[in-house]
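Heads up: the structure comes next, in structure tokens.
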Amino acid sequence: MILIGERINAGFKDIKAAIVDKNPAVIRDWARKQADAGANYIDVNMGTASNKVEDLCWMIELVQKEVDCLISIDNNNPAMLKQAIPVCNKPPLVNSVVAVDEKLDQILPIIAQYNASVIGLVMDESGSPKSADKRVENAGKLLAKAMEYDISPDHLFLDPIVMPLKYMQDQGKEILKAASQFQLFSDPPCHIVCGLSNMSNGTMHKKLINRVFAAMMVASGLDAIILDVLDEELVNTILTAELIMNKSIYADSYVEAFHRK
């Protein structure tokens, strides 16, 4: 499982304040915590705290000086990406790219130029899809566009768009159904990713809902996830789900082995 740490995001008050105040300690601290917990990528999202590319580059540089994790750039502004991607020590993952031709034709050439990877949201001009069929249609469009620019399917992460259970309860089964079909698109297959915390947004039992849904998504082909990597029980649930799906080799110490890495 590819674990993408969600915590360096201006949606959190401490990160927003750190960006505004140019406080490196907070960002470094969260980078270290997430890396120590097993994150493969650290997501960097400056949200509404800034619209300056130099701030995005500053955040990336802080994370890279602190840890050796790969960078996920949560930004779909082509002009910013042209400056931010070269700052990355290794080819990054670019998050939040929608299935809109105009946007794809601006961003995918940059992805291809730097051998980066991309998270494609199965969202088009009409907004977030409500059915599995529409999700699959938009995912197919993302894959076709990526291949136009010689981007290998294994550099494309398809995000079926997770909706909040509390407000859109009918969407859970549509998301699972769509993810299952994403696995059949290509060889090598695309990655399947989701922003897990969206599922439990506004609920009382956030951790329980996240854990159960994560396990169900693994059974539907999920192999990458944006999550609170410091939630050890959540990570252990995902490890166990992968084990049951025969995606890893059983050992009595499989949980301990992961946390010793």
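Values quoted throughout were computed directly from the atomic coordinates according to the rules given, and no laboratory measurement underlies them. Being a predicted model, the structure only gives us computed values, none of them experimental. Reconstructed Cβ throughout: ideal geometry from the backbone, glycine too, with neighbour counts over all protein chains shown.
Numerical summary
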| quantity | calculated |
| --- | --- |
| Loop-resident sites, region 211-261, for chymotrypsin sites (Phe, Trp or Tyr not before Pro), counting at most 14 other Cβ within 10 Å (DSSP) | Y250 |
| Spin-label pair E233/D170, simplified geometry with 7 Å Cα→Cβ offset, distance in nm | 3.2 |
| Vicinal HN-Hα couplings computed from phi for region 19-25 (Karplus, 6.51 cos²θ - 1.76 cosθ + 1.60; Hz; Gly/Pro x) | 5, 4, 8, 6, 9, x, 4 |
| Cα pair distances in the chain, grouped into 10 Å bins until the bin that holds the longest one, percent each | 7, 30, 37, 23, 2, 0 |
| Region 177-199 residues near the modelled K261 label - backbone nitrogen below 18 Å, point 7 Å along Cα→Cβ | 191-194 |
| Choice from A37, A251, A116 with maximal GNM fluctuation in the chain (Cα, 10 Å cutoff) | A251 |
| Under 18 Å from the Cα of K166 - lysines, other chains or at least 8 residues apart | K130, K206, K207 |
| Which of L222, L227 has the fewest Cβ neighbours within 10 Å, and the rest in rising order | L227, L222 |
| Label zone at A144, where the point sits 7 Å out along the Cα-to-Cβ direction: region 93-115 residues whose backbone N lies under 14 Å | 99-102 |
| Under 26 Å from the Cα of K82 - lysines, other chains or at least 8 residues apart | K16, K22, K52, K65, K90, K103, K141, K145 |
| Shape of region 1-90, Cα gyration tensor, a/c cut at 1.5 | oblate |
| Fraction of the pair-distance distribution of region 114-170 above 20 Å, Cα-Cα pairs, percent | 30 |
| Relative contact order, percent, region 2-260 [alpha-carbon distance under 8 Å, six or more residues apart] | 16 |
| Estimated vicinal HN-Hα couplings, Hz - region 58-64 in sequence order (Karplus 6.51, -1.76, 1.60; Gly, Pro = x) | 4, 5, 4, 4, 4, 4, 5 |
| Fraction of beta bridges assigned by DSSP in the chain that are antiparallel (%, nearest 5) | 5 |
| Simple spin-label estimate for S131 and Y250 in nanometres, 7 Å along Cα-Cβ | 4.1 |
| In sequence order, calculated HN-Hα J values of region 164-180 (Karplus, 6.51, -1.76, 1.60; Hz; x Gly/Pro) | x, 4, 4, 10, 9, 4, 6, 7, x, 5, 5, 5, 5, 5, 5, 4, 4 |
| Inter-label distance for K206 and E102, nm, one decimal - labels placed 7 Å from Cα along Cα-to-Cβ | 3.6 |
